[in-house]
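For reference, the structure discussed in these notes is given below.
Where a number appears in this text, it was derived from the coordinates with a stated rule and is not lab data. Computed from a predicted model, the values in this text were never measured in an experiment. So basically every Cβ, Gly included, is an ideal-geometry build from the backbone, and we count neighbours across all protein chains shown.
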Amino acid sequence: MEYKLKIIVGSTRPGRKAPIVADWFLELAKQYSNFEVELLDLKEIDLPLMDEPNHPMMQKYTKDHTKKWSKTIDEAVAFVFITPEYNYGRPATIKNAMDYLFNEWQEKPVGFVSYGGVSGGTRAVQELKLPTTTLGMMPLPQAVNIPFFAQFINDDNVFEANEPLKKSADVMLNKLQAWTKALKEMREA
Ligand SMILES: Cc1cc2nc3c(=O)[nH]c(=O)nc-3n(C[C@H](O)[C@H](O)[C@H](O)COP(=O)(O)O)c2cc1C
């Protein structure tokens, strides 16, 4: 059984560090044989600020970018958000991407990889938990929070995790598998 896990990269700014963190986590996630992993880079996906006239619950999408985004999220059964922390909160990009859809997110688990300074991006994660639960998702308490994340980036711009970070990623991915299975069964029942 393979579960489609979509890893969503939240930072879109020039010079962003997100791809360095994302590449590390992507390789780890690929080692979980139950997951078929895909990276969704919001910079490439390039959604405008939410521009649909109808509530997403109705799924009466008028824009091609929304129809494409809907299909991409609908086929996933689990998510990981890779998020920076901006001004003690989440980046607007992830919230905007969430606001486009409703049913496509429902009853699916989401794990978080966050990074920042002393906070390790934890305030961004806390803020993301509000819209995820409103959308019926299951935000995992087991997260990968990376404080002073620049210390883990080597001269070749490769992320070199320490043991506690690897362990937290392992714990989170195991829980994500368990929730994915449970919620998939629940949706299908
Ligand atoms: C607009 C802005 C706000 C920021 N606010 C925070 C913050 O509140 N907490 C924090 O730990 N780091 C903060 N930082 C520093 C980021 O952790 C750092 O720039 C990181 O590289 C951002 O991720 P990105 O490069 O993938 O965009 C901020 C950076 C920017 C650009």
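With the condition kept exactly as written, say whether any residue in the stretch 24-38 is closer than 19 Å to ARG187 by Cα, crowded, with 18+ Cβ neighbours inside 10 Å and touching a Lys or Arg at 6+ places or on another chain (Cβ under 7 Å). Taking every residue of the stretch 24-38 in turn, none turns out to be closer than 19 Å to ARG187 by Cα, crowded, with 18+ Cβ neighbours inside 10 Å and touching a Lys or Arg at 6+ places or on another chain (Cβ under 7 Å). Residues of the stretch 148-162 that are more than 22 Å from the chain's Cα centre (by Cα) and either away from the ligand (no atom under 16 Å from the Cβ) or surrounded by 11 or more Cβ atoms within 10 Å (Cβ to Cβ) (or both): ASP155, ASP156. In the set GLY89, GLY10, GLY15, only one residue is in contact with a helix residue (DSSP H, G or I) (Cβ under 9 Å, 6 or more places away or on another chain), among the small types (Gly, Ala, Ser) and surrounded by fewer than 18 Cβ atoms within 10 Å (Cβ to Cβ); that residue is GLY89.
Residue check: is ARG123 within 15 Å of the ligand (Cβ to nearest atom) and basic (Lys, Arg)?
When the stated conditions are applied, ARG123 passes them.
Evaluating LEU173 against the criteria (1) buried (at least 22 other Cβ atoms within 10 Å of the Cβ); (2) farther than 30 Å from ASP51 by Cα; (3) within 16 Å of the ligand (Cβ to nearest atom) leaves one unmet condition, (3).
Counting residues in the stretch 40-63 that are within 19 Å of ALA169 (Cα to Cα) and in contact (Cβ under 8 Å) with a residue 12 or more places away in the chain gives one or more. Considering the conditions (1) surrounded by fewer than 17 Cβ atoms within 10 Å (Cβ to Cβ); (2) within 25 Å of GLN177 (Cβ to Cβ); (3) acidic (Asp, Glu), ASP51 is excluded by exactly one of them, (2).
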